[in-house]
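Data first, discussion second: the structure below is written as structure tokens.
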Amino acid sequence: MRYVNLANVTPGMKLGTEVYDSYGRVLLGGKAELTQEYIDKLIYYGFDGVYISDSLSKDISIEPIITPALRGQGIDCVRRQDIEGCKAVAKEMVSEIMKKGSISLDMQDLRECDDYTYSHSVNVALYSAIVALSMGMDEKSLEEMALAGLLHDLGKMSIPDEILNKEGRLTQEEYQIMKSHAKISYDYLKERWDIAPNVKVAVLYHHENVDGSGYPSGIKGDEMTLYTKIIHVADVFDALLSKRPYKKPYSAYEVSEYMMGACGIMFDQQVVQALLKHVPLYPKGSEMIMSDGRHCILVENKDMNNVRPIVRLMDGTTLNLLDQENFNITLVSAADSGSFSIESEEERSVMISDFTKYKVMVVDDMMTNLQMIRGILDYLYDLTLVKSGNQALKYLQKNETVDAIVMDVDMPDMDGIETARKIKEELHKDIPLLFVTTLNDMETVEKCRAVGADGYILRPYQPTFIKSELKRIITGRGDAE
Ligand SMILES: [Fe+2]
């Protein structure tokens, strides 16, 4: 079977797998032939795509890690805030995971988007348990990890929908309300003797970053438990893969890139590695576009981080990209998830049509760094590139202000920290600021913070991460929420 975006599904196609509603009830049977009525119904329910079975894909089998029935049960328990039920689901989930010989997260979620919090909780439980397994933790710990995943966002049910699903930027006040959900989740559980302290702590701190920039308490990596680090990684991983009212889903490739880019800033590296061991860059059954423009379907990955998989062209020809004769071909983008160039084109057209091209100043003494940033951000922003802190100050004195600054920390004469201080104190400008640095030491981080930086990125950085961070500091909302 293969994944097909609903926009490309036509009557007569046969489903490759059942389609369930958020209660775990079968909406359409596994071999159902799709009619226009069914397709309309799927669109109405908010599905993005379905798995279909055809002659091109009949040898591609993709298994969910947990049964749809258990997934439905998990969603239902979270929805009803049934903690006893969640405990049973966590136990069963671990038992199903441990029965699997190998775990490859190929299957895409077909879920309905208005049930985000519930299905997200089940996914976080699943990913947390998989990471725990991958890190050699025992069965009891796996169950506790899964339980923490199911319960971590219970507090979101106290947050008004207008804030949870708001498409635009959250106000400061709304963001404070949003952030309170971690503590509310913890408050539900704190009096319960039958829930392990490790689970409660992980729930409370699931939005903490290893560099101390998270919430509610701003604790750092060495103060975080392994459970806390795992649930944070699982939470963001699922958020990035998901479609939300304010963002498109990232492809597996982009998510992997983002997660690696945020190691040492948001995440613990070992935890990220343990997760990515199970995440294929190109999931089986997904449609991709190759560098020669042809479309293909992913048939088989030899291992998780394989960039040369076996693919099938739309005329049925199977190609092994590892074969020497195919070395001139690469996979460039997902055909229907809108990654890379397709996404870039969409982002570009949105920016142009809305006339909201934000102004961003980039300050770096190295020409190669400026060029690299220009390559990544040029189509998204109105860029001004300057080579020193002094030039940046002069520009800001003479010109209209900018919407954000991306600045190198380590520059001769006047470093980034000093430049930022002068912008604030001498020019009295409060501009969102993202630092770029090769120095991953606490002292630099503290200095960046002290001068009011909104974020910082370590070199070498991943393009997806810098794009997302810049968007976050300008709009107040990132892709990882
Ligand atoms: Fe959360």
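The values are calculated or read from the model by the stated rules, or taken from the named source; none is laboratory data. Values in this document were obtained by computation on a predicted structure and should not be read as measured data. Note that each Cβ is placed from the backbone with ideal geometry, even for glycine, and that neighbours are counted across all protein chains shown.
Tabulated data for the structure shown
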item	result
Enumerated helices (runs of 4 or more DSSP H) restricted to the range 145-230, each holding at least 1 residues that are aromatic (Phe, Trp, Tyr) and within 14 Å of the ligand (Cβ to nearest atom)	172-179, 181-189
Residue that is surrounded by the most Cβ atoms within 10 Å (Cβ to Cβ) [pool: residues in the range 440-481 that are assigned to a helix (DSSP H, G or I) and polar (S, T, N, Q)]	Thr464
Within the range 385-403, considering residues that are among the hydrophobic types (A, V, I, L, M, F, W, C) and outside any helix (DSSP H, G or I), the one farthest from Thr368 (Cα to Cα)	Val402
Test: residue in the range 118-132 that is part of a helix (DSSP H, G or I), surrounded by fewer than 23 Cβ atoms within 10 Å (Cβ to Cβ) and in contact with a His (Cβ under 7 Å, 6 or more places away or on another chain)	no
Subset of the range 280-293 [closer than 17 Å to Tyr3 by Cα and assigned to a loop (DSSP other than H, G, I, E, B)]	Pro280, Leu281, Tyr282, Pro283, Lys284, Gly285, Ser286
Tyr127 vs. criteria over 25 Å from Asp109 (Cβ atoms), within 16 Å of the ligand (Cβ to nearest atom) and touching a residue at least 60 places away in the same chain (Cβ under 8 Å)	no
Counted residues, the range 258-271 - those being more than 19 Å from Lys467 (Cβ to Cβ) and in a helix (DSSP H, G or I)	3
Qualifying residue in the range 134-142 (condition: surrounded by 15 or more Cβ atoms within 10 Å (Cβ to Cβ), modelled with pLDDT of 95 or more, at negative phi and within 16 Å of the ligand (Cβ to nearest atom))	no
The range 386-410, residues that are within 20 Å of Gln462 (Cα to Cα) and either touching a strand residue (DSSP E or B) at 6+ places or on another chain (Cβ under 6 Å) or of a type in the set (A, V, I, L, M, F, W, C) (or both)	Ala404, Ile405, Val406, Met407, Asp408, Val409
Of the criteria (1) at pLDDT 90 or above; (2) within 18 Å of Ser388 (Cβ to Cβ); (3) surrounded by 15 or more Cβ atoms within 10 Å (Cβ to Cβ), which one Thr437 fails	(1)
First in the range 169-186 and farther than 18 Å from Asp235 by Cβ, second anywhere and more than 11 Å from the ligand (Cβ to nearest atom) and part of a helix (DSSP H, G or I), Cβ under 6 Å, 6 or more apart	Arg169/Thr475; Glu174/Ile163; Ile177/Ile163
Number of the exception - Val332 against (1) part of a helix (DSSP H, G or I); (2) surrounded by fewer than 19 Cβ atoms within 10 Å (Cβ to Cβ); (3) of a type in the set (A, V, I, L, M)	(1)
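So that you can scan it fast, the table gives a plain yes or no per residue for (1) in contact with a Lys or Arg (Cβ under 9 Å, 6 or more places away or on another chain); (2) not polar (S, T, N, Q):
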site	(1), (2)
Lys284	yes, yes
Ser291	no, no
Ile297	yes, yes
Asn301	yes, no
Arg308	yes, yes
Met314	yes, yes
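Listed here are the residues, each with its yes/no results for (1) hydrophobic (A, V, I, L, M, F, W, C); (2) out of contact with any Phe, Trp or Tyr (no Cβ under 6 Å at 6 or more places or on another chain); (3) under 20 Å from Ser22 (Cα atoms).
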{"site": "Lys58", "(1), (2), (3)": "no, yes, no"}
{"site": "Arg71", "(1), (2), (3)": "no, yes, yes"}
{"site": "Arg80", "(1), (2), (3)": "no, yes, yes"}
{"site": "Cys86", "(1), (2), (3)": "yes, yes, yes"}
{"site": "Val89", "(1), (2), (3)": "yes, yes, yes"}
{"site": "Val94", "(1), (2), (3)": "yes, yes, no"}
